[in-house]
Each structure stands twice: as structure tokens, then as C-alpha cells.
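Working notes, structure below.
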């Protein structure tokens with residue numbers, strides 16, 4: 001078991017190195033200058049440009065730049081191109097903002113998808129099944145921001161409440177209870193909207209997994225034993241159907257960065273996705289690269305957790 | 001084939017169809033058979049003739065798009081085809097046990113085998129977990145699993161095919177059912193293991209006085225094991241007899257061909273006899289005798305009219321025009 | 001072709017049997033049973049016609065002009081007529097009516113949607129085309145030559161690790177990064193989407209090839225001494241096509257959605273090209289004043305993407321023999 005884990009970790013570390021090199025090369029091969037260094041800016045004198053370029057090692061060969069980046073990242077010294085502030089604290093701050101949104105969204109997705117999907121599988125072909133199938137496809141097909149705007153419009157006009165941003169302006173003076181309620185309220189719509197596509201996709205997957213398991217021979221054996229139908233579905237079938245989802249759990253982590261760009265933009269949520277978007281607009285390479293790197297770390301960590309979890313829950317793998 | 005009120009299982013005019021997008025597949029057509037207590041009946045036929053479907057139908061384990069479209073399944077006087085699901089569940093696993101053809105996939109891979117045996121006991125007999133485990137251990141030993149005390153906590157993938165089938169037998173017999181349905185229990189196993197499993201079943205049957213419905217396409221198994229035999233072809237019963245009569249005096253051309261097709265050691269090397277033609281597709285059964293297109297003794301009109309099952313001598317019935325018209329060469 | 005000859009020969013010998021259907025007929029029969037998938041297919045056919053018509057009618061024989069700016073007629077709701085006195089005859093829409101209204105510059109929304117359909121669709125197809133090509137090549141190599149060693153790794157491990165590397169990047173973020181850093185161009189968008197979405201196809205193809213390689217007909221072909229290229233292309237690829245086709249259909253849908261998301265963020269296709277994505281993005285500023293500018297492209301994208309998804313699912317059911325029997 002330990003050999004398995006160790007080998008796994010080593011492989012991933014190797015992968016991480018490749019990924020960071022790839023990301024670094026891609027970013028620096030793009031034409032154009034980083035934000036500070038704007039030749040068209042009249043206030044930039046040639047000496048300033050040269051100084052800034054030297055400060056950010058931009059004239060060095062590519063592999064040296066990579067080394068500098070890694071070194072600065074490891075020591076926490078990495079600075080943003082845009083405002084020369086340290087990158088890591090910035091990212092951490094935004095991460096804390098993104099976290100509640102992410103947790104809320106994940107909870108909604110996972111707690112709703114399973115009942116919906118299982119029920120559709122057990123009642124295959126029924127009106128419920130066909131309706132939920134159609135609804136799921138529709139939700140997958142709506143552009144995320146289209147649906148979000150519609151919902152925002154509807155909520156604002158019907159309930160007359162604010163929905164944008166993390167909190168209402170001026171709430172700092174209110175009592176903690178109200179501040180907390182305000183925060184929670186602001187969390188609801190964005191996380192719901194982010195969760196919509198996830199619910200649609202995951203519930204379909206749950207359904208197809210359940211259907212496949214229900215058709216297996218051992219489910220027929222369970223019925224032949226005279227077990228009550230609940231035990232057949234929720235004990236025998238579900239336990240097997242859940243196996244692949246345990247592995248999907250690990251893939252959740254990377255979602256922190258990737259999916260949130262759009263929704264954070266719509267809801268003006270100052271999180272990681274928005275940071276990434278701003279960094280791209282500003283050609284702020286250190287931030288972009290670090291975010292990509294963190295995303296890669298999260299992905300590798302996530303898949304690692306998945307592999308371990310799979311070995312834990314599936315007795316067939318455990319005993320290899 | 002005793003009178004109705006003494007039989008354990010009496011299937012009358014059972015028909016099962018599968019409704020696929022290509023049409024209605026009539027897998028079982030008007031099948032009737034009877035099993036008495038403690039008796040072993042073998043249901044023989046080639047793949048696709050509907051014998052497994054009959055077995056599954058008894059316990060109503062047929063999945064959509066198939067369903068029972070007609071007939072009765074009288075078990076101890078009650079019609080299983082009409083019973084509400086809750087009452088049927090009380091019978092499944094308790095009064096009727098079933099073992100399947102594929103032991104490799106018939107056990108749940110994520111639960112230890114002891115647990116899978118135990119749950120039958122706790123569901124039907126209300127045993128506590130400890131009592132169920134103790135009984136499961138006893139059952140494992142009874143079916144001949146070596147080192148049962150270690151094996152009881154193992155997972156199915158740690159066992160060989162033969163051992164898995166023994167576990168299935170243990171599960172099926174846990175509550176001492178009156179009838180055991182064995183659907184091709186040895187087909188997927190090695191030949192040496194086949195013999196062991198059959199011997200085990202025989203020993204258990206003697207000890208527990210239970211009836212066995214044995215589904216198989218292997219005539220050798222039939223000869224060794226069964227007391228009565230029913231031969232199925234294309235969804236219908238074509239011949240019924242006790243095993244000795246069937247082997248000594250087969251009447252239906254299909255049965256005769258089957259027996260002739262068995263290679264016999266000691267005989268001069270000669271061409272293997274095979275039956276010309278192929279089994280008709282279930283979507284296209286002829287209106288009359290389904291075997292007629294392949295029958296060497298076919299006459300006009302056989303293909304258009306169904307021969308009914310007709311008792312030629314006591315305890316020996318056949319569904320064949322040759323005997324109904326007294327035109328057989330052997331008469 | 002061989003199947004239909006075979007079917008004909010059988011039909012002659014055994015007149016009582018129904019003629020067996022070719023795989024294609026069987027596929028269609030199962031697909032046809034799924035009503036939603038058929039509706040989706042109809043929608044897609046309409047879309048194809050609209051896109052082609054769009055290309056022709058807005059660029060070659062200009063019946064609908066998406067670029068004409070008519071400031072006096074801006075923000076006209078759908079089905080309203082042009083102001084005859086303010087607009088010169090050359091600029092007037094067909095039949096004097098704005099079928100879907102006008103936008104903030106007085107441009108005919110119907111014409112823009114028509115033009116956009118071709119652009120959006122071509123982005124989808126080309127991006128998916130690229131990703132499928134890469135996926136088939138990499139997946140096929142990994143599946144067929146998997147155990148061949150190059151240095152210290154097998155071909156299979158090499159390709160799969162590379163796939164893992166690509167999967168490490170959050171896809172949308174990566175696309176956004178590249179598109180933002182490169183000069184804005186419709187081709188860049190197509191290529192980038194194509195370069196970042198081949199992993200799924202590669203997996204499918206590799207899995208299919210791995211199973212197919214063990215099957216008897218491949219071994220038989222090898223025993224006959226057929227050249228490997230022939231084995232791969234004539235025998236294995238047709239069998240592996242099924243999941244690829246399915247993921248390609250869904251891939252086009254996803255490419256269209258990605259393009260609209262990029263447009264929303266300001267990095268999509270630039271003017272003067274109209275895509276449904278950028279029409280929608282422009283329209284979001286006018287939700288209250290001219291709601292049709294937002295709803296029409298949004299609903300259009302929804303319907304088209306839904307149609308692709310439904311057809312993709314219909315294909316999945318049709319191709320999957322396991323699900324078929326239920």
C-alpha cells in the first residue's frame with residue numbers, strides 16, 4: 001500500500017514540473033509586454049521601461065526566467081507585474097472569498113444530484129424520468145450567464161433585494177447577526193447558479209450508473225433472495241454504483257479556479273476566478289502563472305485523493 | 001407427474017414474451033410441467049429455447065421488457081403469477097431457492113460472502129447478526145468450502161468459480177427451501193468442478209428432501225442426476241418422460257437427434273451426427289410444429305398446425321404429429 | 001457494402017426469414033425511437049440550412065445586410081417596420097420589416113443572427129474537427145502501439161501522461177489565457193478550443209483500440225499478414241467511430257457555449273464578425289431597454305446547444321448495445 005502511495009506521489013510531482021514548464025513557456029511566448037511595461041504609455045520613459053524589465057528579469061533567457069519564477073514562488077517573494085505587490089497573499093485573500101461560494105455550490109450539487117438521479121433510475125421511463133431528463137439537458141444547454149441574468153432580473157424585480165457582490169454596501173455598521181444574514185443571502189444566488197450545470201451533469205451520471213448496476217446479475221440474486229426492494233436498491237445496488245463517484249470527489253478541487261471566472265464576473269464576487277480574469281486583462285504574468293500552477297497542484301492533489309479513496313472503497317483493488 | 005393437489009409446483013400453460021422494438025418475442029409458449037416434493041425434474045434444450053426464462057418466471061424475476069403473458073404457476077396451491085409482490089418476496093429465498101449460471105457475476109463484489117449468506121437468514125428467519133454469522137459458517141462448511149472460518153469474511157473475487165457456486169448454493173439453501181431452481185449451475189465451470197457441484201447438489205437433496213428443477217443443455221448431467229425430464233424446443237415442451245424411458249426410447253425426432261448427437265466412446269469412428277438447419281428465430285416461429293423444417297420425417301401440414309402434448313404411454317408424453325397419427329416408423 | 005450484398009444473398013436462400021438489417025439501418029431504427037433526439041436532429045437540419053443561407057444571403061447576394069448602421073431606426077422591437085422616410089431605400093430591410101428588431105446601432109438583428117449562425121457553427125465544427133483529429137491520432141497510437149517502448153516509457157504511458165498534463169489545466173481558464181494573450185482572431189479561438197478538448201476523444205479511441213486489438217478479427221488480420229496501416233484504418237477505426245461521433249456532437253455544443261462565454265468576457269470573436277455569442281454579450285447591456293437583444297440570441301443558443309446534446313444522447317443510445325436491450 002505504501003509503495004502504491006509513494007509511487008503515485010512521485011509521478012504527480014514529476015507531472016507538476018512538466019505542467020509548470022509548459023505553462024511558463026506558453027505564457028511567455030505570447031506577444032506583448034506585461035502591464036507595467038507599456039510602450040504606448042507617454043509617462044513611461046525608456047529608462048523606466050528598462051529598469052522594470054530588469055527588475056522582472058524579462059530580458060533573460062526563458063529557462064532562467066522559469067528558475068526565477070520558481071524561486072520567487074517558493075520564497076513567497078513573487079510579485080505581481082501590475083502593482084508590485086506580493087502574489088501569494090493576494091491569491092490567498094481571494095481564495096478565502098471564493099471558498100464559501102465553492103463549498104456552498106459543491107454541497108448543493110452533491111446533495112441534490114443523488115436523489116434526483118437515483119429516483120430517475122429506479123423509475124426508468126416514467127414521466128418523472130423523462131421530465132427530469134429533459135430539464136437536465138436544458139440546464140446543460142443554457143449559457144451560464146444567460147440564465148444568471150434572467151434569475152437576477154427576476155429576483156430583483158420580484159423581491160426587491162440586492163444580489164450582486166459579497167455583501168451590501170454600508171453593512172459594516174450593522175449588528176453581526178444582520179451582517180451574517182446579509183453575507184449568507186449574497187451567497188445563495190451565485191452558488192445556486194454555479195451549481196445548476198453541475199447538478200444537471202452529475203444527476204445524469206448518477207442515473208446512468210444506477211441503471212447499469214441495477215442490470216447486474218448480483219442485483220437479480222438479491223431479488224431472488226427475497227430481500228425487500230429498498231434493500232436491493234439502496235444496499236446492494238447503490239453501494240456499487242457509488243464507487244466511481246468517490247473518485248469524482250477528487251476532481252472537485254480544481255473546480256475552484258476554473259468554473260468560477262464567469263460567475264464571479266456576473267456577480268462581482270471578488271474571488272480567485274475574478275483575480276485570474278483581471279490578471280489576464282493586465283497581462284500580469286506572475287499571477288496568471290501562479291494561478292495555473294495552483295490549479296495544476298489542485299488537480300494532481302485531487303486525482304491523488306481520488307485514487308486513494310478508490311482503493312479504500314473497492315475491495316477488489318485494495319487487495320492487489 | 002402426479003395429480004395436481006399433491007404436486008409441489010404445477011406450471012400450467014405458462015407463456016412469457018419479450019416486447020422489443022422488433023416485435024413480440026414469445027420466449028415461452030404454453031408450457032406446463034409439474035414437480036413433486038423431493039423430485040428432480042430436468043428441463044433440457046439448446047440455448048435460446050426458453051428454459052432459463054421458465055426458471056426466472058417461476059420467481060417472477062423477468063425484467064422488462066419481458067413479462068408473463070399467460071398461465072398459472074401454482075406453488076403449494078398458490079398462483080405465484082398472481083401473487084402481490086410482498087407475498088412473493090416471502091417465498092423467494094425461503095421456500096424457493098435459486099442458483100444461477102454465472103457464479104462470477106452473481107455475487108455482490110463489495111460485500112463479504114458471510115454477510116451475503118447471513119442476510120437471507122436475517123431477512124426470512126429473523127436471526128440476529130451473530131446467529132446469522134454462525135449459521136452462515138455452518139452452511140459454508142456444509143457446502144464443502146475449505147477453511148470456512150477464514151473464508152467467511154472474504155470477498156467474492158477472492159474465491160474460484162467453483163467456490164463461488166458453492167456459496168450461491170449455501171445462499172439458496174440457507175432457509176431450507178422446498179424447491180431449488182438450478183439454472184445451468186455447472187455450465188460456466190470446469191468439467192472436474194462440474195462433477196463436484198453435481199454431487200454436492202445430490203447429497204444436499206437427499207439430506208434436505210427438497211425438489212430440484214434443473215435447467216441444462218447437457219444430456220450427460222441429465223442422465224446422472226434427473227428423475228424426470230422435459231425437453232423444450234423453441235419455447236414449447238416437446239417431450240416428457242422419466243429419464244430412463246427417455247434415454248431408452250426417445251420418441252420426438254428432436255430428442256432422438258439430440259441423443260444421437262452425443263459422441264459415444266467405444267463406437268467406431270463415424271461422422272458426428274448433427275441436426276441440419278438452425279433453430280428458428282423467436283420472432284419467426286412457424287405456426288405449427290417448430291421443429292418441422294428440420295425434421296427428417298416431416299409430412300405436409302406439420303408446419304401449419306401445432307401438435308398438442310399427447311401421452312403415448314403412461315408417464316411418457318410427446319408433442320409430435322407422427323404419434324398422433326400413428327405414422328411413426330418405430331411403432 | 002458487403003453487408004447489403006450479404007443480406008441480399010441470405011434473402012435469396014431463405015425467403016422465409018426477414019432480411020437482416022445493415023448496422024446503419026439498425027442504428028437509425030433505434031435513434032428514431034427517441035423522439036427528443038429526432039426533434040433535435042430536425043432542429044439541427046434547420047440550423048444547417050440557416051447557416052448556409054446565412055453565408056449566402058448576408059455575404060454573397062446581400063439580401064440581408066448585417067452591417068448596415070441605421071441610427072434613426074435603432075432599438076426597434078421585432079416585427080416593426082422601417083421608418084420609410086428616414087432610411088434610404090438601399091438600406092431598408094426586406095419587405096420593410098425588421099423581423100427580429102434592431103440593435104443599438106440600428107443593425108438588423110435577423111441579418112446578424114443569420115450571419116452569426118454560420119460563424120458560430122463553423123467555430124464549433126472546426127474546433128471539434130481539430131480536437132477529434134488529435135484525439136484519434138493520439139488515442140489510436142496509444143491503443144495500438146501501446147506496449148512499444150521508447151526509451152524508458154511505453155508509448156501508452158507517454159501519451160497518457162501527456163493527456164494528464166493537459167487535463168491539469170482548468171480548460172476554460174487556459175482558453176481564456178491563450179485567447180487573451182494572442183491577437184484577437186476567429187481562427188485563434190477555433191484552434192485553441194480544438195487544442196484543449198481532445199482528451200475525451202483520445203481516451204475513448206484508446207479504450208476502443210485496446211479492446212479491439214485483443215479481438216479475434218484483428219488477430220486474424222495480423223495472421224493473414226495484412227499491413228498494419230490497413231488493419232488500423234479499415235478494420236479498427238470504423239468500430240471505434242461510435243463514441244467519437246457521440247463526443248464530437250456534444251463537443252460542438254460545448255464549443256458554442258465556450259465561444260459565448262468568451263464573448264461575454266470580451267475575448268470572443270471581434271467585430272465585424274457576428275456570432276451568437278457576441279450578439280448576446282452586446283445585448284446584455286440593454287436588457288431593460290431592448291430585451292429582445294438579449295433574449296433572442298440567448299434562446300437561439302439554448303435551442304441549438306440543446307439540439308446537439310439531444311442528438312448526441314440519441315447516438316449514445318443507438319450505439320450502445322448494452323442499453324439497447326431494455
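Annotations
- Subset of region A:205-214 [more than 8 Å from every other protein chain (Cβ to nearest Cβ) and under 22 Å from residue B:65 (Cβ atoms)]: A:207, A:208, A:209, A:210, A:213, A:214
- Total residues in region A:215-258, condition more than 30 Å from residue A:301 (Cα to Cα), within 14 Å of chain C (Cβ to nearest Cβ) and either at pLDDT below 90 or not in a helix (DSSP H, G or I) (or both): 2
- Among the criteria (1) surrounded by fewer than 23 Cβ atoms within 10 Å (Cβ to Cβ); (2) within 14 Å of another protein chain (Cβ to nearest Cβ); (3) farther than 26 Å from residue B:184 by Cβ, the one residue B:155 does not fulfil is (3).
- Residue within region A:6-22 that is touching a helix residue (DSSP H, G or I) at 6+ places or on another chain (Cβ under 9 Å), more than 13 Å from chain C (Cβ to nearest Cβ), closer than 30 Å to residue A:310 by Cα and modelled with pLDDT of 65 or more present: yes
- Just one of the listed residues (A:204, A:220) is surrounded by 19 or more Cβ atoms within 10 Å (Cβ to Cβ) and farther than 20 Å from residue A:115 by Cα, and it is A:220.
- Residue within region A:189-204 that is more than 13 Å from every other protein chain (Cβ to nearest Cβ), more than 21 Å from residue A:106 (Cβ to Cβ) and at pLDDT below 90 present: no
- The lone exception for residue C:195 - which of (1) under 30 Å from residue C:283 (Cβ atoms); (2) in contact with a helix residue (DSSP H, G or I) (Cβ under 6 Å, 6 or more places away or on another chain) it fails: (2)
- Residues located in region B:209-239, provided they are closer than 25 Å to residue B:194 by Cα and part of a strand (DSSP E or B): B:211, B:212, B:213, B:214, B:215, B:216, B:228, B:229, B:230, B:231, B:232, B:233
- Pairs with Cβ under 9 Å, 6+ apart, first in region B:255-283 and more than 14 Å from every other protein chain (Cβ to nearest Cβ) and in a helix (DSSP H, G or I), second modelled with pLDDT under 75 and surrounded by 10 or more Cβ atoms within 10 Å (Cβ to Cβ): B:257/B:273; B:260/B:273; B:261/B:273
- Condition check for residue B:189: in contact with a strand residue (DSSP E or B) (Cβ under 6 Å, 6 or more places away or on another chain) and either closer than 21 Å to residue B:221 by Cα or away from every other protein chain (no Cβ under 14 Å) (or both): no
- Among the strands (runs of 3 or more DSSP E) confined to region B:6-124, the ones with at least 1 residues that are away from chain A (no Cβ under 14 Å), surrounded by fewer than 17 Cβ atoms within 10 Å (Cβ to Cβ) and in contact (Cβ under 8 Å) with a residue 40 or more places away in the chain are located at B:7-20, B:23-36, B:66-75.
- Unmet requirement for residue B:49, which otherwise passes all of (1) under 30 Å from residue B:134 (Cβ atoms); (2) out of contact with any helix residue (DSSP H, G or I) (no Cβ under 8 Å at 6 or more places or on another chain); (3) modelled with pLDDT under 90: (1)
- Test result for residue C:211, within 14 Å of another protein chain (Cβ to nearest Cβ) and either in a helix (DSSP H, G or I) or under 23 Å from residue C:279 (Cβ atoms) (or both): no
- Tally, over region C:148-201, of residues that are assigned to a loop (DSSP other than H, G, I, E, B) and either facing another protein chain (nearest Cβ under 9 Å) or at negative phi (or both): 10
The values are calculated or read from the model by the stated rules, or taken from the named source; none is laboratory data. For clarity, every value in this text was computed on a predicted model and none was experimentally measured. Ideal geometry is used to build each Cβ from the backbone, glycine not excepted, and the neighbour counts take in all protein chains shown.
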